[in-house]
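**Q** Sharing a structure here in C-alpha cells format.
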Amino acid sequence: MAIWLRRSRSLAHYLKAEIGFWKVPNQRSFLNPCFFNPENSSSTTLTGENYGNPASFLGNSPTLFGSRRFESIKSGREELDLEYENSGHQNQAMDFPGGRISFTSEMKFISESPRERIPCYRVLDYDGLPIMHSSFVEVSKEEALKMFSSMVTLETMDTILYEAQRQGRISFYLTSIGEEAINIATAAALTPHDVVLPQYREPGVLLWRGFTLQEFSNQCFGNKADYGKGRQMPIHYGSNKHNYFTVSSTIATQIPQAVGAAYSLKMDKKDACVVTYFGDGGTSEGDFHAGLNFAAVMEAPVVYICRNNGWAISTPVSQQFRSDGVVVKGKAYGIQSIRVDGNDALAVYSATRAAREMAITEQKPILIEMLTYRVGHHSTSDDSTKYRPVDEIEHWKTARNPISRFRKWVDKNGWWSDKDESELRVNVRKQLLQAIQVAEKAEKPPISNLFTDVYESLPSNLCEQEELLRESIKRHPQDYPSDVPV
Amino acid sequence: MERDARVCVMGEDVGHYGGSYKVTKDLANKYGDLRVLDTPIAENSFTGMAIGAAMTGLRPIVEGMNMGFLLLAFNQISNNCGMLHYTSGGQFTIPVVIRGPGGVGRQLGAEHSQRLESYFQSIPGIQMVACSTPYNAKGLMKAAIRSENPVILFEHVLLYNLKERIPDEEYVLNLEEAEMVRPGEHITILTYSRMRYHVMQAAKTLVNKGYDPEVIDIRSLKPFDLHTIGNSVKKTHRVLIVEECMRTGGIGASLTAAINEYFHDYLDAPVVCLSSQDVPTPYAGTLEEWTVVQPTQIVTAVEQLCR
C-alpha cells in the first residue's frame, strides 16, 4: 500500500513537471509528431520523452522550450529512478539464470548515449603543471629522465626511419608520432616479466625494454641479424627475451591471444600480467569483443590498452562506433575501465601502474582507453592529408605534443635543460644513422631461411622444394640477387 | 595431461559436460576447471587464446565442438598459428593441437558435415592427421600433443563408438606415417578416416571376386607419406583414392597431383579418385548416404581400373 502511494506521488510530481511546460503558448509541442512517431530514430519512452537525442526533438519543435522541457524532465526522471530503485528493493526480485533481478513495471529503455561522456583522467596541464588535487604515482628523476629520453628517441627513430623509407632504403614503415607518451609511459609502468602483445604502433615498449636502435634497424632492413630472419615486413618486431610477442599484421588477433597468455601466467601463478594494445579501429573486430568477454569470464590478468587516436587509416571514430568511445565497452563485458589522456605521460603511467596492480592481485582484466591523436600517416602507404585537414594534424603535432608537455614538467623540476635536449637529439640521431648504415650493409638472410621454421624440422616436401629452388638459382644465376647468400 | 602439467584443453562444453562427443569426459573432475576450460562461444577467440597460451609455454588442445565451427577460427589458424613460428624467426613455438569431430555424420545437416581438411590443407606451418581406429587415435593424439608444430587432428563423428582392444601402456605413433591396413598386389587403395571402413567393406567383396587390393590408410594428410604410398604404387601400378572430401580441392585432389607427379612412370592407368560431390550435405537420409562414397562404388571402380 505504502509503496503504491509513493509511486503515485512521484508520478503526480512527474506529470506536474510535464504539464507545467505544456502551459507554453505553443501547444504544438505536445502534438508534435516527433515524439509520438514510432519512426523517430531516437529512443522515446512511453511518455514521449525523446531522451537520447534532444537535437532531433528540437529540430521538430518550433519553440525554444524543447530543450528546457527536456532539462526538467531529466531531473524529474532522476528522482523517479531513485524512487523506483528504492521500491524495487522492497519488491520481489526474480530469479533468472544469471542471478536475481528486481523488476520494474515501467517500460524504460536505457539511453544509447550518456548525458555526459566519461571524463578522462589527467595529471598534467598543457603547461606541464600538475593539476591541483590530481592523484598520481610519483616518478623519480631517474625514471622521468629515462621516460623523456625514450620518448625523444622514439620520435627520432620514427622520423629517420620514415625518411629512410621515403628514400627507398626500406620498403615500409609506420610511425607512432603523437603516441610517444602511451608507448613509453605504459612500458615504464610494467615490469620486464609482463608479457606484451602489441598491435603494431607500440615499438616504444620494446625500446623501453632495451631493444637497441641496431636491433630495430636490422628488422627494418631484414638482414641476417634480424631476429625475424627477414621474414616479416618492417616494424613487425618481436623478441621473446624481451617478452614482446612478434607483431602480426592482422588486427585485434592479439586480443584473445592475450587471454591465452594470461591463462598461462595464471596457471603458473606468476607475479606478472599481460598487456595488449590495439587501436580504436581494432575494437570493431570480433576478436575484441570475444577476447574481452573471455578475459572477464576467465578472470585473466590482462591490461587492455586501447590507443584511441581518432583514426583507422581514413576512418574517423565517428564512423567506427557510436558508443562513447571504447571505455564504456568495458562495462558491457564486466570489466573495470578508465579513460586517460593519452598525451599526458604521468597520467598514462599512473593508470597503467594501478591497472597492473589490480590485474595481478585481483586476477581480472582492466580496460584503459587512452585518448590521443595519430599525428603521422597510417603508414608510408598513406597520405592522411587526403582525408583530414592539415591544420588539425599540425595542431596535434605542436600544441598537443606529448613530448613537449612532459618536457615542461621535467624542466620545472629542474631535471633537464635545452643543452641536454640538443645533446640527446644529436646523439640519438648519430647512433641511429650509424645503425641504419650498418643494417643496410649487413648481409641478407640466406635462402635456407625461406624453408626453416615453417615446422620444427624440415619435412620432405619442403626439402624438395628447397632443392628445386637451389637448382633454379644455379641454372639462372643472373636472375638471382647477388647480395643474398645462397 | 597426467604426464605434462602444461597440457590443457579448451573449448565449448569440454569441462563438466565432457565435450559434445564425450572425448573430455571426467577430465575436468580430475584436472580441474582451469586445465579443462569451458570457453564462451567464439571459436576465433579461443583458438587465439590457445595460440597465446602456447607462445607463453603451455601445450593447449583446442576442441572444436564440430570441426565445421573451426571455420570461424580460420584467421587465427592461418595467419597466426601457422605463421608465427616462421615470422618470429623461430623465437616462438606454437605447439597447439586443434581437434574435433568432423566429416559427414547421420543427418547432421550441411553446416555440421564439413570436411575441413580440404580448406586447411594449404596453410603453411600446420600439420594435419586423421585418426580412424581407437589404436591410432591414441597414438596420434599423443604424438600431436608432443609435437612442437601446430597439429590439426581430424576425428570423425561416426567413429567415436568403435571398440577395440588397445595397449594400456604408452605408445606414440608417427605423425607423418601412413598405415598399411591390408597388403595386396593388384591395386593401391588410399583412404583415411571413415572411408577406411567403406574401403574394407568393399575389400571383402573384392577378395571374394578374386581381387587382391592393397589398402593404405594415409593418416597423415599434410604432409603425405609419399614413401609408403610410393612403394605401394611401384608394386601395384594402379591407384584408387577414396575420400570423403568434396571433389574440388580436396585431399584426393592434392594426392592425385602428388602421385601423378612423382610416380607417373609406375602407373598403368590414370589415378582414380572417388570423392563426395560438390554439394552441401543434404539432410535427407538417402540423399546424404549417396553423397558419400559407398562400398559398391568402390568395388565398381576397382573392377574398372583392374580391367
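**Q** Can you find a residue that is within 11 Å of chain A (Cβ to nearest Cβ), over 15 Å from A:Pro256 (Cα atoms) and basic (Lys, Arg) anywhere in the stretch B:50-72?
**A** There is at least one residue in the stretch B:50-72 that is within 11 Å of chain A (Cβ to nearest Cβ), over 15 Å from A:Pro256 (Cα atoms) and basic (Lys, Arg).
**Q** Have a look at A:Thr385, A:Thr361, A:Thr398 and point out the one that is under 30 Å from A:His289 (Cα atoms), among the hydroxyl-bearing types (Ser, Thr, Tyr) and either surrounded by fewer than 17 Cβ atoms within 10 Å (Cβ to Cβ) or over 29 Å from the mean Cα position of the chain (by Cα) (or both).
**A** Being under 30 Å from A:His289 (Cα atoms), among the hydroxyl-bearing types (Ser, Thr, Tyr) and either surrounded by fewer than 17 Cβ atoms within 10 Å (Cβ to Cβ) or over 29 Å from the mean Cα position of the chain (by Cα) (or both) holds for just one of A:Thr385, A:Thr361, A:Thr398, which is A:Thr361.
Quick grid of which residues meet (1) crowded, with 21+ Cβ neighbours inside 10 Å; (2) free of Cβ contacts under 8 Å to residues at least 40 places away in the same chain:
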| position | (1), (2) |
| --- | --- |
| A:Asp287 | yes, yes |
| A:Ala295 | yes, no |
| A:Ala300 | yes, no |
| A:Arg307 | yes, no |
| A:Asp324 | no, no |
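**Q** For the stretch B:235-264, what are the residues that are more than 15 Å from the chain's Cα centre (by Cα) and among the hydroxyl-bearing types (Ser, Thr, Tyr)?
**A** Across the stretch B:235-264, the qualifying residues are B:Thr236, B:Thr248, B:Thr256, B:Tyr262.
A quick yes/no check of all residues on (1) touching a residue at least 24 places away in the same chain (Cβ under 8 Å); (2) surrounded by fewer than 20 Cβ atoms within 10 Å (Cβ to Cβ); (3) closer than 20 Å to B:Ser118 by Cα:
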residue: B:Ser220; (1), (2), (3): yes, no, yes
residue: B:Phe224; (1), (2), (3): yes, no, yes
residue: B:His227; (1), (2), (3): no, yes, no
residue: B:Gly230; (1), (2), (3): yes, yes, no
residue: B:Val233; (1), (2), (3): yes, no, no
residue: B:Thr236; (1), (2), (3): yes, no, no
residue: B:Gly249; (1), (2), (3): yes, yes, yes
residue: B:Gly252; (1), (2), (3): no, no, yes
residue: B:Asp265; (1), (2), (3): no, yes, no
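**Q** Any idea how many residues of the stretch A:277-294 are assigned to a helix (DSSP H, G or I), of a type outside the set (Val, Ile, Thr) and more than 9 Å from chain B (Cβ to nearest Cβ)?
**A** Just the residues of the stretch A:277-294 that are assigned to a helix (DSSP H, G or I), to begin with: A:281-284, A:286-294.
Going one step further and asking which of them are of a type outside the set (Val, Ile, Thr), we end up with A:281-282, A:284, A:286-294.
This time we only want the ones that are more than 9 Å from chain B (Cβ to nearest Cβ), so: A:281-282, A:284, A:288, A:292.
Total meeting the criteria: 5.
**Q** When you go through A:Ile235, A:Ile251 one by one, which is the residue that is surrounded by fewer than 21 Cβ atoms within 10 Å (Cβ to Cβ) and either without any contact (Cβ under 8 Å) to a residue 24 or more places away in the chain or not charged (D, E, K, R) (or both)? Can you show your working first?
**A** Numbers: A:Ile235 fails: surrounded by fewer than 21 Cβ atoms within 10 Å (Cβ to Cβ).
Residue meeting the stated conditions: A:Ile251.
**Q** Would you confirm whether any residue within the stretch A:422-430 is part of a helix (DSSP H, G or I) and either at positive phi or at pLDDT below 90 (or both)?
**A** Within the stretch A:422-430 (the criterion being part of a helix (DSSP H, G or I) and either at positive phi or at pLDDT below 90 (or both)), the answer is no, since none of the residues qualifies.
**Q** Then there is this: Restricting to the stretch A:228-257, give me the number of residues that are in contact with a helix residue (DSSP H, G or I) (Cβ under 6 Å, 6 or more places away or on another chain), within 8 Å of another protein chain (Cβ to nearest Cβ) and not in a loop (DSSP other than H, G, I, E, B).
**A** 3
**Q** Looking at the stretch B:81-100, can you tell me whether even one residue there is within 27 Å of B:Gly285 (Cα to Cα) and either among the small types (Gly, Ala, Ser) or not in a helix (DSSP H, G or I) (or both)?
**A** From the stretch B:81-100, those within 27 Å of B:Gly285 (Cα to Cα) are B:99-100; that's our starting set.
Those still in the list that are either among the small types (Gly, Ala, Ser) or not in a helix (DSSP H, G or I) (or both) too: B:99-100.
The answer is yes, given that some residue of the stretch B:81-100 is within 27 Å of B:Gly285 (Cα to Cα) and either among the small types (Gly, Ala, Ser) or not in a helix (DSSP H, G or I) (or both).
**Q** Ok, one more. Applying the selection to the stretch A:351-365, what residues are more than 13 Å from A:Asp194 (Cα to Cα) and assigned to a helix (DSSP H, G or I)?
**A** Result: A:Ala351, A:Ala354, A:Met358, A:Thr361.
**Q** Hey, can you tell me all the residues within the stretch B:208-228 that are within 14 Å of another protein chain (Cβ to nearest Cβ) and part of a strand (DSSP E or B)?
**A** Across the stretch B:208-228, the qualifying residues are B:Ser220, B:Leu221, B:Lys222.
**Q** Can you name every residue in the stretch A:435-460 that is facing another protein chain (nearest Cβ under 10 Å), within 20 Å of B:Thr87 (Cβ to Cβ) and touching a helix residue (DSSP H, G or I) at 6+ places or on another chain (Cβ under 9 Å)?
**A** Hits for the stretch A:435-460 are A:Leu450, A:Phe451, A:Thr452, A:Asp453, A:Val454, A:Tyr455, A:Glu456.
**Q** Of all residues in the stretch B:122-148, which are touching a Ser or Thr at 6+ places or on another chain (Cβ under 6 Å) and within 12 Å of chain A (Cβ to nearest Cβ)?
**A** First, pick out the residues of the stretch B:122-148 that are touching a Ser or Thr at 6+ places or on another chain (Cβ under 6 Å): B:123, B:129-130, B:132, B:148.
The answer is B:Ile123, B:Glu148.
**Q** Within the stretch A:312-350, which residues are aromatic (Phe, Trp, Tyr) and part of a helix (DSSP H, G or I)?
**A** A:Tyr349
The values are calculated or read from the model by the stated rules, or taken from the named source; none is laboratory data. In this text the structure is predicted, and so the values were computed from the model without any measurement. Heads up, the Cβs are rebuilt from the backbone with ideal geometry, glycines too, and the neighbour counts pull from every protein chain shown.
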